Structure formats: C-alpha cells, structure tokens
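Shown next, in structure tokens, is the structure this report addresses.
No lab work stands behind these numbers, since they all come straight from the coordinates. Note that this is a predicted model, so its numbers are computed, not measured. Using ideal geometry, Cβ is built from the backbone for each residue, glycine included, and neighbour counts are taken over all protein chains shown.
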Amino acid sequence: MSSPEPTHDLSDLDPSFVFDFEAYDDLPDGQRWSTWLAVEPLSRGPEPRPDWVVTSQAAVDTELGILKTGKEADAFLLERAVPGTDGPGESVVMVAKRYRSNEHRTFHRAAAYTEGRSMKRSRDERALKRKSTFGKIVASGEWANSEWDALKRCWELGLPVPYPVQIDGTEILMEWITCADGETAPRLAQTRPEPVLLASYFDQLRDALATMVAHGIVHGDLSAYNILAADDRLVIIDLPQIVDLVGNTAGLDFLLRDCTNICTWFQSRGLEVDGGELFAELMAHAF
Ligand SMILES: Nc1ncnc2c1ncn2[C@@H]1O[C@H](COP(=O)(O)OP(=O)(O)OP(=O)(O)O)[C@@H](O)[C@H]1O
Ligand SMILES: [Mg+2]
C-alpha cells in the first residue's frame, strides 16, 4: 500500500510558516538591498561608528542620481533607509564613489604613486604591467582599495575627511559632506571666503597636513578642487593616490607640490602664504 501523496497546496499550511518572499525579488530599477551585511567586516568603516550609519538588514539602497563625474571615478548620491522610517540610524544619504576600470590614465599615475607599496599578488603586478583587461580591473580595484585605506587611516587620525562607511569592489560609500542648508558642500575652489574665514581655512589645512606628515603620509593630489568647504569647516577628499612619505622616493616632491598648489590658491584669494615656507615648516616638525 502506498502512502498518500504529500500535499503542496500552500493554503493547507499554517500561515505563520509561510514566508513572504515577494519583497526579496522585485526591487525596482535604481534600488537594491543594503550591501552592508554582504561585505566582510574589514570592508566596513572604523569603530566607533557615527550614529547615522544604517546597519539594518532591512534597509534598501536607492540611487538618487549623479553628483559629479570625475576622471577616474564618478560620485553618486545614494540613500540607505529602512522603508517607512526616517530617524538617525534608519535613513541616511551617502556618497557612492564608483571607480571606472577603463581609464588608461590610471596606469600613468600608477607607477609613481604606488612605488614603495607592496603588491599583494604577483599576478596582479604582472597584469598591471601588461595593461590587460584584467590589469585594468585590478588597477581600478587598487585605486578603490587605496582610497578606502587612506580614508580609514585619516579618519582614525582625527583628520577632516568623510567617514568611510564601506567598500564593495570598486564602490566606496562615504559620508556626504553638506552645508547647514543641506546642499552638497562646494569645492574650496568655488568659494571666495572673507579674510577671517580664509585665514581659518588655511590654519585648518596646515594642521591637517602637519598631522599627515607626522604620520608619514602625503595626500599627493591636494588642491582647492579636492577640498570641500562645509560652511566654516574644510573637508579633504579624493585620496586614492595617498603617498608614503618615507617609502616613496618621490614623497617629498608630492608634498612640495601639494603645498605649492594650496598656497597658490590662498594667494589668489589674498592670503600671503608661500608653498616653500609651508613645506619647510611641515618638514621641520616631521622628523
Ligand atoms: N563625500 C563627499 N561629499 C560631498 N561631495 C563629494 C564627496 N565626495 C566627492 N564629492 C563631489 O564629487 C566630486 C568628485 O569627487 P572626487 O574628487 O573624490 O573624485 P574624482 O574622480 O577624483 O574627481 P575629479 O577627477 O573631478 O577630481 C568632488 O569634487 C565633490 O564635488
Ligand atoms: Mg577630485
């Protein structure tokens, strides 16, 4: 005698055992489930975490549009929120910086900047030299990882950089720097600060550079375009090419160039500063 066929009719089941999978399939275009738990712990930002970081498994990421296209990466605004909520830790807008992998320019910069850094895998190294497609992907991952490490390191040193929320491949999620009016902070280059604010901005930068130099690091591409002016506070961004002051033979050259770029801008706005002097001052405190 055969046993009765098992039933597959869901209506027979106790409703508390029937899971609703519907929500897991169909998020509309421009949305995805939060990637926070999908990345490994080391790919999440340093502790203690700001209270605005959304860690809920129920959160959804929504594309809000492009902020700016850049030479090697594009910056987007991305909302991460638990649907139907709005409080701190439940809903936040972040910047998603996504590196592109098809930039030849990456390779011209790569050699000088990565000198003195150890490549983890020799296959990666060979691929970089070969400039193969794989090499390009590696190179783009290399820049994203490099900026991620730099952001974490600078944040942990208390420097004014966006809080690094997480990295997933070539995408970095970070704090969105805004002004009191809620708008994206302008780049320093777009501002014309009053003399008192201008002097304060310069002091902030000198302090930040001194801390970096004291810890053996140089931004490597510092200019009024890679600094955001959030009202009376400056925030340094765009750090993938951060240079090791000691391991990189060109480290001092990069530092001098950063000092010169910055001072030239401050001079153009009426502050009497000098790149060579700033460089000398930083070096005097460095070692
Ligand atoms: N955390 C942030 N908060 C607010 N705006 C940001 C942030 N990160 C980037 N941006 C905006 O996006 C622009 C590009 O970012 P970033 O400089 O990091 O990338 P990039 O690819 O090097 O761009 P570029 O080639 O223009 O230098 C910035 O100039 C700034 O206007
Ligand atoms: Mg930039």
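Residue separation times 0.36 nm, minus the C-alpha to C-alpha distance between Tyr225 and Asp149: what's the value?
25.3 nm
Tell me, what is the percent relative contact order of region 188-283, built from C-alpha pairs under 8 Å that lie six or more residues apart?
Computed over region 188-283, the figure is 31 percent.
How long is region 161-241 along each principal axis, judged by its Cα atoms, biggest number first, in Å?
Principal-axis extents of region 161-241 (Cα, largest first): 42, 34, 16 Å.
From the square roots a ≥ b ≥ c of the eigenvalues of the alpha-carbon gyration tensor of region 188-283, which class results: rounded (a/c under 1.5), prolate (a/b over b/c), or oblate? All intermediate terms of the calculation are to be shown ahead of the outcome.
Details: a/c = 2.00, a/b = 1.60, b/c = 1.25.
Here region 188-283 falls in the prolate category.
To the nearest 0.05, how large is the calculated FRET efficiency for Asp51 and Asp181 if R₀ is 30 Å and r is the Cβ-Cβ distance?
Rounded to the nearest 0.05, the efficiency is 0.85.
Which whole-number percent gives the relative contact order of region 41-85, counting Cα pairs below 8 Å spaced six or more residues apart?
It rounds to 35 percent for region 41-85.
Which of rounded, prolate, oblate describes region 243-287, given a ≥ b ≥ c as roots of the alpha-carbon gyration tensor eigenvalues and a/c under 1.5 marking rounded, otherwise prolate only if a/b is larger than b/c? Intermediate values should be presented prior to the final figure.
Values: a/c = 3.91, a/b = 1.90, b/c = 2.05.
Cα axes put region 243-287 in the oblate bin.
State the extension gain, in nm to one decimal, for the chain segment bounded by Glu272 and Asp207, taking 0.36 nm per residue of separation less the distance between their alpha-carbons.
Stretched out fully, the Glu272 to Asp207 stretch lengthens by 21.7 nm.
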